[in-house]
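One structure is given below, encoded as structure tokens.
Nothing in this text is a laboratory measurement; each read-out follows from the coordinates by a stated rule. Treat the numbers as computed from the prediction; the structure is a model and nothing was measured. Cβ atoms come from the backbone with ideal geometry, glycine included; neighbour counts cover every protein chain shown.
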Amino acid sequence: MLKSVRMTASILIFLLMIHGVSSAGWGVSYSPSHICALKNSSVIMSCTYTYPTGYKITKVFWTKTNVKEKDQEFPDLSEDPEYRQRLQYLGDTQQNCTIRLSHVTQKDQHMYYFRFITNKPDGKWFGEPGVTLTVTDLQVEAPERVTEGHNVSLTCKSSCTLTDRATFIWYRNSQPLTERRDRNNQLLLQSVRREDAGRYSCALHGHSYISPAAHLNVTYPPRNVSVSITGSGVIVEGDSVTLSCSSDSNPPALNFSWFKGGMFVGSGRIYSISKISSDDSKKYKCKSRNEHGEKYSDAVTLNIMYSPRNVSVSISQSGQLWEGDSVTLICSSDSNPPALNFSWFKGGMFVGSGRIYSISKISSDDSKKYKCKSRNEHGEKYSDAVTLNIMYSPRNVSVSISQSGQLWEGDSVTLICSSDSNPPALNFSWFKENQS
């Protein structure tokens with residue numbers, strides 16, 4: 001049965017419905033009849049047609065409408081400005097009616113029909129139903145977040161099942177994951193690491209179109225926890241010091257705890273000490289925590305500088321010192337940095353330098369008050385005085401008569417023996433010449 005433009009409208013519609021493939025030697029066949037194509041790709045619409053012997057093809061074309069004005073022909077897509085540069089007829093005027101449509105977009109979603117006209121008035125054919133084109137983009141479906149160590153699956157989704165057998169390619173942060181090329185539209189990341197976080201997109205091998213990126217947010221507990229000290233340079237006793245706790249975590253840690261010598265001392269990312277003292281020279285740690293875990297920093301020791309204190313003099317020898325002995329005095333102090341400058345004073349007079357002061361063959365004249373002075377770049381301090389108690393035997397022994405003036409026979413007289421010694425002499429003996 002032939003279609004004729006002279007048929008009535010109702011008969012024409014009926015015939016078009018039942019003659020989608022062929023009728024009495026006339027026909028158009030599409031393979032496949034439904035095409036799902038990727039945005040920006042090229043589509044091949046495979047098509048064959050038949051007509052009876054004795055007819056000669058005079059015109060072939062494709063159209064996207066099955067409605068035409070009376071006494072007018074269907075619009076030819078090759079003459080449409082939107083298709084002219086993108087439509088290529090690959091067929092012939094015998095039986096192949098295949099076309100290629102390039103750079104397809106969602107605007108190209110239609111049913112397309114092949115139309116051919118012969119050299120006889122009744123020799124026209126409209127290939128209905130036509131081939132349906134659906135154009136899809138790609139979307140990455142991913143969870144909003146995944147915890148480090150868990151598995152996660154990302155899906156490259158299309159709005160229809162792609163006609164061509166597709167090989168999927170995945171990108172992270174615009175860089176291809178070359179090891180992930182698969183006919184499966186899913187990307188499985190096992191035991192996710194924080195380095196797997198980023199913007200993921202997908203594409204089809206051989207196609208330029210890349211999907212919009214979906215962000216994969218990998219959450220993890222704190223790591224790289226560290227303590228920093230504000231300001232650079234030396235910390236001197238009396239200064240104010242601020243310690244800051246930093247960590248890498250996702251989500252960012254909001255809970256921080258501070259420990260001094262193992263004891264909890266405060267909370268918050270910042271820990272401040274005003275008027276710092278040497279007692280604050282301890283090991284400090286901070287603990288960073290989010291909902292996935294916690295971690296301690298390495299310990300940081302505050303090195304606090306201070307001037308000398310607790311300056312004292314010690315005598316190297318134990319026991320009594322006797323005239324003629326050698327004696328060593330040692331100056332000790334507590335300071336940071338340790339004092340390297342020491343001065344010695346004997347009875348208020350400077351007598352030497354160095355942490356050790358030595359006296360050889362000591363004499364009673366050395367029985368004085370000794371002090372040392374300890375100094376570093378932050379200050380100086382004197383020790384308390386130390387007196388050397390030097391022992392020596394009696395000397396300058398003399399006898400004095402208590403009475404003055406002449407002595408008369410029968411008077412009473414008192415003789416007194418005096419001497420210089422340490423300790424003072426307590427034993428005295430008297431002698432009268434020519435008597436024992």
Excluding PHE256 itself, calculate the net charge of residues whose Cβ lies under 12 Å from the Cβ of PHE256, where each Lys or Arg counts +1 and each Asp or Glu counts -1. +4
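Which of the residue pairs LYS275/LYS381; LYS275/LYS371; LYS107/LYS157 have a Cα-Cα distance greater than 24 Å in the structure shown?
Numbers: LYS275/LYS381 21 Å; LYS275/LYS371 31 Å; LYS107/LYS157 20 Å.
Pairs exceeding 24 Å: LYS275/LYS371.
Specify the longest stretch of the chain that does not include any exposed loop site, a site being one of the GluC sites (Glu not before Pro) with a non-H, G, I, E, B DSSP assignment and at most 14 other Cβ atoms within 10 Å.
Details: sites that count: GLU69, GLU73, GLU82, GLU144, GLU291, GLU377, GLU409, GLU433.
It works out to 145-290.
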With 0.36 nm assigned to each residue of separation and the Cα-Cα distance removed, SER246 to ARG395 gains 45.9 nm
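Between beta-carbons, use under 15 Å as the cut-off and find the net charge around SER363, counting Lys and Arg +1, Asp and Glu -1.
Working: positive: LYS346, LYS361, LYS368, ARG395; negative: GLU323, ASP325, ASP365, ASP366, ASP420.
Here the count lands on -1.
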Restricting to Cα pairs under 8 Å and 6 or more apart, the percent relative contact order of the chain works out to 9
Taking alpha-carbon centroids only, region 396-436 lies from region 265-336 a number of Å equal to 63
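Want the number for TYR296 to ASN40: 0.36 nm per residue separation, take away the alpha-carbon distance, what's left?
Values: separation 256, 0.36 × 256 = 92.16 nm, distance 5.28 nm.
Difference between extended and current length: 86.9 nm.
Are there any trypsin sites (Lys or Arg not before Pro) in region 353-409 that are in a DSSP loop and have at most 10 other Cβ atoms within 10 Å? List them by number.
Values: sites: ARG355, LYS361, LYS368, LYS369, LYS371, LYS373, ARG375, LYS381, ARG395; in loops: ARG355, LYS361, LYS368.
Loop-located and lightly packed - LYS361.
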How big is the shadow of the Cα convex hull of the chain, averaged over all directions, in nm²? 43.2
Please flag any cysteine in the chain that has no other cysteine's Cβ under 4.7 angstrom from its own Cβ. CYS417
For the chain, with a Gaussian network of springs between Cα atoms less than 10 Å apart, report the residue from ASP280, ASP80, ASP411 with the top mean-square fluctuation. ASP411
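What do you get for trypsin sites (Lys or Arg not before Pro) in region 246-325 restricted to DSSP loop and a cutoff of at most 12 other Cβ within 10 Å of the site's Cβ? Working shown, then result.
Numbers: sites: LYS260, ARG269, LYS275, LYS282, LYS283, LYS285, LYS287, ARG289, LYS295, ARG309; in loops: ARG269, LYS275, LYS282.
The qualifying sites are LYS275.
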